[in-house]
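The values are calculated or read from the model by the stated rules, or taken from the named source; none is laboratory data. All values derive from a computational prediction rather than experimental measurement. Here the Cβ positions follow ideal geometry from the backbone for every residue, glycine too, while neighbour counts run over all protein chains shown. The accessibility values were calculated without ligands, DNA or RNA, using every heavy atom of the protein model including side chains. Shrake-Rupley method; radii C 1.70, N 1.55, O 1.52, S 1.80 Å.
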Amino acid sequence: MRKTFVAILISLLSLFIVVTVLKRRSIHVITEDSNNTMTVVDKEKVQHFWEIYRQATEYRIAGNPGEAAVEYGRAIDLNGRHEDALYYLGNMKFELGEFEAAEQAWKRLIEVNPNSARAHYQLGTLYLSMESKDQFSLDEAEAKFQQALAINKEETTPLLRLGQVALIRGNLSQSQRLFDNVIASNYRSVEAHFLRGYIDWKKENLEGASTFLMKAVEYLKSPLSDQEFSGEGDTKTGTLAGLPRGPNWEGIFQAYMADLSKLDEIDLPREMHSRYEQLDEYIKQVRKKSLSATT
């Protein structure tokens, strides 16, 4: 009788184990099938994203910001956290003069990655642009350039822009210090030399002004190659490497430097006064605008 009871108990336990194993296998198969189905869907979504992103990149490289912006927008609809898509969407919108849309794209990038130095820097560029009338703000520009610099202190590009902000405000000593720091890290910075010369001109140090202006002309006549160039003031780490290049991106004072390479050394003394006088008037206009924007 006891042997019979033990046999029945063993049979029941064996049956329980078999049923449990079968259930687990069934659940595993169902889960595995579901995962495989999701993987296929995800793969198709990712593949579609990269197809759109590559098309957007082709339009951007070809100099077609309108089409590029459309495609980057479609890419973001598929992946709203893709940093490069958000960054380039902002760039394309900026080039199109759609400044509010550019601002939104870069702000969204900062939400995704608060340590995106390039997003903070581009917002600073937007706020320092005279073209972006509604967004123009020296305070906002300064704050964004400071944030970009705080993320990577080795970058001198934000220092250059902070020097411009100080210059517009009339703080010559601060702007001089900042431009000197830029030149110490990037001795070929055309803009830092040009604006440093303006400061000496304002201080009636004509010899110093002439020296800095000649250096700006020299470096502009012998530009860096594409392989060497990573953006005005860039240094080792290059978090701002690959910044857009062109008249809309190269700073608020670019118009006063654009044709410096055409000057000969003999023209510099006469040209220096004329050019810095024009720059001085422009800085006064920008300062006036900045003051009216805060009142």
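Using 0.36 nm times the number of residues separating Glu131 and Glu51, minus their current alpha carbon distance, what extension gain do you get?
Here the segment from Glu131 to Glu51 would lengthen by 25.5 nm.
What FRET efficiency comes out for the pair Thr39/Glu111, r = Cβ-Cβ distance, R0 = 35 Å, nearest 0.05?
Computed FRET efficiency for Thr39 and Glu111 comes out at 0.80.
How large, in percent, is the carbon and sulfur part of the accessible surface of region 70-189 at a probe radius of 1.4 Å? Can you show the working numbers first?
Working: 2060 of 4960 Å².
Looking at region 70-189 in its full context, I get 42 percent from C and S.
As an exercise, use a Förster radius of 22 Å and the Cβ-Cβ distance of Arg177 and Lys153 to find the FRET efficiency, rounded to the nearest 0.05.
In this case the efficiency is close to 0.90.
Given Lys202/Lys289; Lys107/Lys221; Lys153/Lys284, which pairs have Cα atoms separated by over 26 Å?
Checking Cα-Cα distances, Lys107/Lys221; Lys153/Lys284 exceed 26 Å.
By the scheme Lys and Arg +1, Asp and Glu -1, what is the net charge of all other residues having a beta-carbon under 15 Å from that of Glu58?
-1
Compute the accessible area per residue over region 96-136, keeping the other protein chains in place, probe 1.4 Å, unit Å².
That works out to 44 Å² per residue.
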